[in-house]
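J.: Structure below; questions to follow.
The values are calculated or read from the model by the stated rules, or taken from the named source; none is laboratory data. All values reported here derive from a predicted model rather than from experimental measurement. Quick reminder, even Gly has a Cβ in these numbers, built from the backbone with ideal geometry, and neighbours come from all protein chains shown. For accessibility, only protein heavy atoms count, side chains too; no ligands or nucleic acids. Shrake-Rupley method; radii C 1.70, N 1.55, O 1.52, S 1.80 Å.
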There are 2 protein chains.
Amino acid sequence: MGCKIEEFQQEQKKRIRAVQDSMDVLNGKWKIAIISSICCYGKRRFSDILNDVEGVSNRMLSKELKELEINQLVTRTVLPTQPITVEYELTEHGNTLQTIISNLTDWGTVHRKKIAGK
Amino acid sequence: MGCKIEEFQQEQKKRIRAVQDSMDVLNGKWKIAIISSICCYGKRRFSDILNDVEGVSNRMLSKELKELEINQLVTRTVLPTQPITVEYELTEHGNTLQTIISNLTDWGTVHRKKIAGK
DNA sequence: CTGAATCCAGATGGATACTG
DNA sequence: CAGTATCCATCTGGATTCAG
């Protein structure tokens, strides 16, 4: 114990657990896309997100939004319109994902070219 | 057509599709952790990754490594030992994920504290 | 408009045992 | 050591219908 290699490996395991923690929150077919949609508009309504994220169903959108809310990444506000509308907004904590979203956007663009253009 | 708002929305949809492209590759319970494991050691053997990523089974590790290989993120090299050993390494393309991995590691650490400490 | 409820096929993933 | 094969429970997610 106390040897350098062991210490390094422990550090490494901690890092891997940390990445896992992130992915536990962000995994899900649509989560990142949903966050991305809300992110760049500031506030976004249910039906707008439904339109932004191609392919998502209202069932899944509802479900994943709820999980994001539980993880304190988005807030949900019911507006007193008739019929009601609901606005979703990133929390301060959710906003800290912006860098990651931005990186993923860039990487995805490059990756698509990489795979398609071979 | 050609109006600013529509253009912006089209741009936005493209960005969302790009994030989705990234997530299509990176989704999966263990993928990021696996990449993370290989990443910081340079090369990494099957059994080492199995040990690094707590909870993963050999079945899943094998499966997800194969998918990562298909997406050209890792290479697989069989070493002529007895019994054989296999080394996995990030490709140049896979290495471009380092920034994202690093960000996810940091974010995961913060997020854990955030959720646990409320 | 924003969901919730139900139904159901197919994917996911763990446990275990086996192979070269 | 590095997988593969099989079995099987659970989860995922789409389609559709209904509700406040």
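J.: When residues of the range B:41-53 are filtered for being under 22 Å from A:D24 (Cβ atoms) and either within 11 Å of DNA strand C (Cβ to nearest atom) or open to solvent by less than 50 Å² (accessible area, probe 1.4 Å) (or both), how many remain?
T.: Number satisfying all stated conditions: 3.
J.: Pull up the range A:73-118, narrow it to residues that are over 20 Å from B:G94 (Cβ atoms) and touching a Lys or Arg at 6+ places or on another chain (Cβ under 7 Å), then point me to the one that is surrounded by the most Cβ atoms within 10 Å (Cβ to Cβ).
T.: A:Y88
J.: If the Cβ limit is 6 Å and pairs must be 6+ apart or interchain, which residue in the range A:8-24 that is of a type in the set (G, A, S) pairs with which residue that is open to solvent by 40 Å² or more (accessible area, probe 1.4 Å)?
T.: Sorted first by the residue in the range A:8-24, then by its partner, the pairs are A:A18/B:T109.
J.: To continue, here is another question. I'm checking my understanding of the structure. Among residues of the range B:69-118 that are more than 22 Å from the chain's Cα centre (by Cα) and charged (D, E, K, R), which one is farthest from A:Q20 (Cα to Cα)? Break it down stepwise before answering.
T.: From the range B:69-118, those more than 22 Å from the chain's Cα centre (by Cα) are B:79-85, B:113-118; that's our starting set.
So of that shortlist, the ones also charged (D, E, K, R) come out as B:113-114, B:118.
Numbers: B:K113: 14, B:K114: 15, B:K118: 20 Å.
Among those that are more than 22 Å from the chain's Cα centre (by Cα) and charged (D, E, K, R), it is B:K118.
J.: Taking the range A:69-83, which residues are at pLDDT 95 or above and near DNA strand C (Cβ under 7 Å from one of its atoms)?
T.: Passing the criteria: only A:R76.
J.: Under 9 Å between Cβ atoms, which residue pairs at least 6 apart in sequence (or on different chains) link something in the range A:71-86 that is over 15 Å from A:R44 (Cβ atoms) with a partner that is part of a loop (DSSP other than H, G, I, E, B)?
T.: That search, which allows pairs on different chains as well, returns A:Q72/A:T91; A:Q72/B:K118.
A quick yes/no check of all residues on (1) more than 28 Å from B:S36 (Cβ to Cβ); (2) away from DNA strand D (no atom under 15 Å from the Cβ); (3) of a type in the set (V, I, T); (4) out of contact with any strand residue (DSSP E or B) (no Cβ under 8 Å at 6 or more places or on another chain):
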residue: A:K29; (1), (2), (3), (4): no, no, no, yes
residue: A:K43; (1), (2), (3), (4): yes, yes, no, no
residue: A:E69; (1), (2), (3), (4): no, yes, no, no
residue: A:L73; (1), (2), (3), (4): no, yes, no, no
residue: A:E87; (1), (2), (3), (4): yes, no, no, no
residue: A:I101; (1), (2), (3), (4): no, yes, yes, yes
residue: A:W107; (1), (2), (3), (4): no, yes, no, yes
residue: A:I115; (1), (2), (3), (4): no, yes, yes, yes
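Let's see how each residue does on (1) of a type in the set (S, T, N, Q); (2) touching an Asp or Glu at 6+ places or on another chain (Cβ under 9 Å); (3) modelled with pLDDT of 95 or more; (4) closer than 30 Å to A:T96 by Cβ:
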{"position": "B:K4", "(1), (2), (3), (4)": "no, no, no, yes"}
{"position": "B:V19", "(1), (2), (3), (4)": "no, no, yes, yes"}
{"position": "B:R45", "(1), (2), (3), (4)": "no, yes, yes, no"}
{"position": "B:D52", "(1), (2), (3), (4)": "no, no, yes, yes"}
{"position": "B:S57", "(1), (2), (3), (4)": "yes, no, yes, no"}
{"position": "B:L61", "(1), (2), (3), (4)": "no, no, yes, no"}
{"position": "B:E67", "(1), (2), (3), (4)": "no, no, yes, yes"}
{"position": "B:G94", "(1), (2), (3), (4)": "no, no, yes, yes"}
{"position": "B:I100", "(1), (2), (3), (4)": "no, no, yes, yes"}
